[in-house]
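Participant: Take a look at this one; I'll ask things after.
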Amino acid sequence: MRVAGRWGPTLLFARVELRARLLQPGIRRSVAQQAADLRHVGDSQAERLAGALDRIAADQLPAESARALDRIEAARRAMLRSAETVPWADDTTQSLARICARASQPPSGARLLHHVVAMWQPREALELGTCVGVSAAYQAAAMPSGALTSLEAYPALARQAERTWREAGIDNARVVVGRLADTLAPTLAGTSWDYAFIDANHQGAATERYVEQVSRAASPGALLALDDIDYSAGMRSAWESVRQREDVAASAVVGKIGLLALR
Ligand SMILES: C[S@@+](CC[C@H](N)C(=O)[O-])C[C@H]1O[C@@H](n2cnc3c(N)ncnc32)[C@H](O)[C@@H]1O
């Protein structure tokens with residue numbers, strides 16, 4: 001889960017962040033430097049990734065996109081206020097508000113993904129780890145002529161994600177229910193994936209395995225985004241390993257999200 005701490009401060013954190021700027025000054029400087037470095041590489045994928053970083057730094061949203069993101073945030077607020085519980089692991093239940101506050105990508109990270117997808121314009125996008133559908137909604141809203149498929153272990157979360165998308169007016173996202181060990185390979189088969197966001201099992205070995213599986217099925221020039229690359233020693237080492245893969249043309253880090261542009 002993403003935000004440690006007790007319930008009250010967690011919810012407060014989530015709400016305060018709704019008004020936060022996309023990039024802290026230190027991250028903004030790092031993004032600008034990475035974009036400049038990528039432009040020196042002289043490779044079309046590095047140039048494309050630099051363009052995505054420029055877009056993140058500018059953080060400009062066309063009016064229609066801003067309205068779409070407002071609708072998603074309204075759906076998030078409804079979940080944060082909800083008194084509902086959903087079935088959870090080991091026959092327990094869990095508060096929907098708590099799951100949403102602790103596991104969903106915060107507005108800044110979700111908007112960052114929105115910018116990346118808007119720049120890359122995938123036709124087929126994949127997400128590992130749907131939860132209640134917040135990050136999927138942000139990404140799907142950035143690709144009006146594409147479709148996003150998201151994978152989630154818990155059926156109750158998948159149903160809630162579909163509700164989130166309905167409420168936010170997102171009609172180009174779908175969820176596949178089941179554990180990644182069962183769903184990832186069949187989902188990857190037969191489709192040329194242009195983009196993937198990996199945000200499920202945040203363990204180093206699993207992350208390396210997902211990158212390997214997804215890269216093999218990805219179309220040339222695809223982009224992979226990985227969340228929580230600084231979450232643990234295992235994740236840091238996995239990130240260092242995957243960014244040096246032969247099939248990676250260029251990589252960048254924005255906060256805790258790693259971006260890999262494939263050849
Ligand atoms: C951090 S949350 C995803 C948050 C979501 N991407 C967002 O920002 O709105 C991770 C999700 O991945 C799911 N997950 C974790 N391991 C999984 C696995 N092995 N198979 C399928 N889903 C898994 C969890 O149930 C959880 O809902």
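Participant: Are any residues in segment 202-220 of a type in the set (G, A, S), open to solvent by 20 Å² or more (accessible area, probe 1.4 Å) and within 14 Å of the ligand (Cβ to nearest atom), and if so, which ones?
Facilitator: Taking segment 202-220 as the starting set, the residues that turn out to be of a type in the set (G, A, S) are 204-206, 215, 217-219.
Retained after the next criterion (residues that are open to solvent by 20 Å² or more (accessible area, probe 1.4 Å)): 205, 217-218.
Within segment 202-220, just A205 meets the criteria.
Participant: Scan segment 112-133 and give yes if some residue there is open to solvent by 40 Å² or more (accessible area, probe 1.4 Å) and at positive phi, otherwise no.
Facilitator: Yes, segment 112-133 has at least one match.
Participant: Residue by residue through segment 138-163, note down the ones that are touching a strand residue (DSSP E or B) at 6+ places or on another chain (Cβ under 7 Å), within 13 Å of the ligand (Cβ to nearest atom) and among the small types (G, A, S).
Facilitator: Of everything in segment 138-163, those that are touching a strand residue (DSSP E or B) at 6+ places or on another chain (Cβ under 7 Å), within 13 Å of the ligand (Cβ to nearest atom) and among the small types (G, A, S) turn out to be A140, S150, A156, A158, A161.
Participant: Can you list the helices (runs of 4 or more DSSP H) lying wholly within segment 20-134 that have 2 or more residues being within 21 Å of the chain's Cα centre (by Cα), more than 12 Å from the ligand (Cβ to nearest atom) and of a type in the set (K, R)?
Facilitator: The qualifying helices (runs of 4 or more DSSP H) are 44-58, 63-81.
Participant: Name the single residue that is modelled with the lowest pLDDT among those in segment 44-102 being among the acidic types (D, E) and within 17 Å of L22 (Cα to Cα).
Facilitator: Only one residue fits best here, namely D59.
Participant: Of a type outside the set (A, V, I, L, M, F, W, C), open to solvent by 10 Å² or more (accessible area, probe 1.4 Å), within 23 Å of R111 (Cβ to Cβ) and at pLDDT 95 or above: which single residue out of D199, D247, D182 fits that description?
Facilitator: Details: D247 fails: within 23 Å of R111 (Cβ to Cβ); D182 fails: within 23 Å of R111 (Cβ to Cβ).
Just one listed residue meets the conditions, D199.
Participant: Which residues, counting only those in segment 221-244, are more than 15 Å from the ligand (Cβ to nearest atom) and within 15 Å of V117 (Cα to Cα)?
Facilitator: G221, A222, L223
Participant: Out of A158, A136, I need the residue that is crowded, with 19+ Cβ neighbours inside 10 Å and within 23 Å of L49 (Cβ to Cβ). Which one?
Facilitator: Of A158, A136, the one residue that is crowded, with 19+ Cβ neighbours inside 10 Å and within 23 Å of L49 (Cβ to Cβ) is A136.
The values are calculated or read from the model by the stated rules, or taken from the named source; none is laboratory data. The structure presented is a predicted model; accordingly, all values stated were derived computationally and were not measured. Please note: Cβ atoms are built from the backbone with ideal geometry, for glycine as well, and neighbour counts cover all protein chains shown. The area values use the complete protein model at the heavy-atom level, side chains included, leaving out ligands, DNA and RNA. Shrake-Rupley method; radii C 1.70, N 1.55, O 1.52, S 1.80 Å.
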